[in-house]
């Protein structure tokens, strides 16, 4: 996943980081580092979000008040989530 972008002047908020999409075949299991099954993707087009992209930072307009109408600062974007997972494909053989 991608980290969020910082906000900027002129009231511009930062862009949210993009989620990383990894297409996998039907029958794929998502397993965490402890060996727990997080998702079993058995349906067609089923999705699982393992880690999200970071939220974008707020622009300077969000910090304005009556005495500070055009602040010279903005908020940084949030970092993306990071997670290590194993993708394991279950195969069924049809012998006949």
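Observations
- Filter result for the condition that a residue is modelled with pLDDT under 90 and exposed (fewer than 13 other Cβ atoms within 10 Å of the Cβ), over 61, 22: 22
- Picking from residues in segment 29-46 that are exposed (fewer than 12 other Cβ atoms within 10 Å of the Cβ) and within 19 Å of the chain's Cα centre (by Cα), the one that is farthest from residue 83 (Cα to Cα) is 45.
The values are calculated or read from the model by the stated rules, or taken from the named source; none is laboratory data. Given the structure is predicted, the values throughout are model-derived calculations rather than measurements. Quick reminder, even Gly has a Cβ in these numbers, built from the backbone with ideal geometry, and neighbours come from all protein chains shown.
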